[in-house]
1. Within the range 100-118, take every residue that is open to solvent by 30 Å² or more (accessible area, probe 1.4 Å) and charged (D, E, K, R) and give me the one that is farthest from PRO16 (Cα to Cα).
2. Within the bounds of the range 43-59, is there any residue that is buried (at least 19 other Cβ atoms within 10 Å of the Cβ) and more than 22 Å from ARG163 (Cα to Cα)?
3. Considering (1) of a type in the set (A, V, I, L, M); (2) within 15 Å of ILE232 (Cβ to Cβ); (3) in contact with an Asp or Glu (Cβ under 9 Å, 6 or more places away or on another chain); (4) free of Cβ contacts under 8 Å to residues at least 40 places away in the same chain, say which one ALA184 fails and leave the rest.
4. Where residues in the range 172-186 are basic (Lys, Arg) and out of contact with any strand residue (DSSP E or B) (no Cβ under 8 Å at 6 or more places or on another chain), which of them is most open to solvent (accessible area, probe 1.4 Å)?
5. Would a scan of the range 222-234 turn up a residue that is open to solvent by 20 Å² or more (accessible area, probe 1.4 Å), part of a strand (DSSP E or B) and at pLDDT 95 or above?
6. Just one of PRO18, PRO113 is closer than 18 Å to ALA190 by Cα and touching a strand residue (DSSP E or B) at 6+ places or on another chain (Cβ under 6 Å); which is it?
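The values are calculated or read from the model by the stated rules, or taken from the named source; none is laboratory data. What you see is a predicted model; the values in this text were computed from it and never measured. A quick note on method: Cβ atoms are made from the backbone with ideal geometry, for glycine too, and the neighbour counts reach across all protein chains shown. Just so you know, the surface numbers come from the protein's heavy atoms only, side chains and all, with ligands and any DNA or RNA stripped out. Shrake-Rupley method; radii C 1.70, N 1.55, O 1.52, S 1.80 Å.
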Amino acid sequence: SRWMRSSRSAADPLDPGPRGFAHRGLHSGAAFPENSLLAFAAALEAGAGIECDLRLTADDQILIFHDPDARRMCGSPLVIGEQRHEGLKRLRVGEHPIPTLESLLQLVGGRVPLLLEVKVDGDLWRWAPALKRGLAGYQGPFGIMSFDPRLVRLVKTNMPGVRRGLVMPDRWSWWRRRLALALAAPDFIAVETGAAVRPWVQRERRRRPVYSWTVKTTDQRKRLADQVDALIWEGDGRP
């Protein structure tokens, strides 16, 4: 089928199938906020893989949260990376506390593949031990990815055998792409939708799986279906 790679012999262990990856879970409005356990449960019910964002607290706990601070999601100026987990427990995403990585892993239990995007914020060297600890013993399929190629390289060094990906915006110059790919040595790449049809992405696709973010419209979905190996989608981008 078009969802399987034709150009490589190895199957992709993170292949989410035709339903792709739900970006920050299957979220919609206030009832199902992004990166919430409700949104992740909805993605599970839809049979989609799950993409989400990881941040590190000051005491090295891994939380699932996109922004550096809690203004947009919780109406609080607290900066995630400057607070101990205890100091963030009163914040609410919808009606629930900010999820921990542990709570996501317990919920999913290996049923769908996870794309865990690490948000590096002056805490690069603390990530590898935190990830090793947080993911120890988890049996399901997952990949760790980041915009920061140094983080991806640290995963290669410290967690051999774990799938790792480089997240690549369209605006990166040719040399920045080359340097980042060389340093990261990724198993897969996640490219911005605008980049997905570019010749360099199609060349990369012969070497490794390519996912694309964030597919938000039916037009984008139709245009990219044959160009990449999996869609990272939200809203009308839903396959």
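1. That would be GLU102.
2. yes
3. Unmet for ALA184, out of (1) of a type in the set (A, V, I, L, M); (2) within 15 Å of ILE232 (Cβ to Cβ); (3) in contact with an Asp or Glu (Cβ under 9 Å, 6 or more places away or on another chain); (4) free of Cβ contacts under 8 Å to residues at least 40 places away in the same chain: (2).
4. Residue satisfying both the conditions and the ranking: ARG176.
5. Among the residues of the range 222-234, not one is open to solvent by 20 Å² or more (accessible area, probe 1.4 Å), part of a strand (DSSP E or B) and at pLDDT 95 or above, which makes the answer no.
6. So the residue among PRO18, PRO113 that is closer than 18 Å to ALA190 by Cα and touching a strand residue (DSSP E or B) at 6+ places or on another chain (Cβ under 6 Å) is PRO113.
A quick yes/no check of all residues on (1) at pLDDT 95 or above; (2) out of contact with any Pro (no Cβ under 7 Å at 6 or more places or on another chain); (3) surrounded by 20 or more Cβ atoms within 10 Å (Cβ to Cβ); (4) part of a helix (DSSP H, G or I):
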{"site": "TRP127", "(1), (2), (3), (4)": "yes, yes, yes, yes"}
{"site": "ALA130", "(1), (2), (3), (4)": "yes, yes, no, yes"}
{"site": "ARG133", "(1), (2), (3), (4)": "yes, yes, no, yes"}
{"site": "TYR138", "(1), (2), (3), (4)": "yes, yes, no, no"}
{"site": "ILE144", "(1), (2), (3), (4)": "yes, yes, yes, no"}
{"site": "ARG150", "(1), (2), (3), (4)": "yes, yes, no, yes"}
{"site": "LYS156", "(1), (2), (3), (4)": "yes, yes, no, yes"}
{"site": "GLY165", "(1), (2), (3), (4)": "yes, no, yes, no"}
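Quick grid of which residues meet (1) of a type in the set (A, V, I, L, M); (2) more than 12 Å from VAL118 (Cβ to Cβ); (3) in contact with a helix residue (DSSP H, G or I) (Cβ under 7 Å, 6 or more places away or on another chain):
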| position | (1), (2), (3) |
| --- | --- |
| LEU135 | yes, no, no |
| ARG164 | no, no, yes |
| ARG171 | no, yes, no |
| GLY194 | no, yes, no |
| VAL197 | yes, yes, no |
| ARG206 | no, yes, no |
| VAL210 | yes, yes, yes |
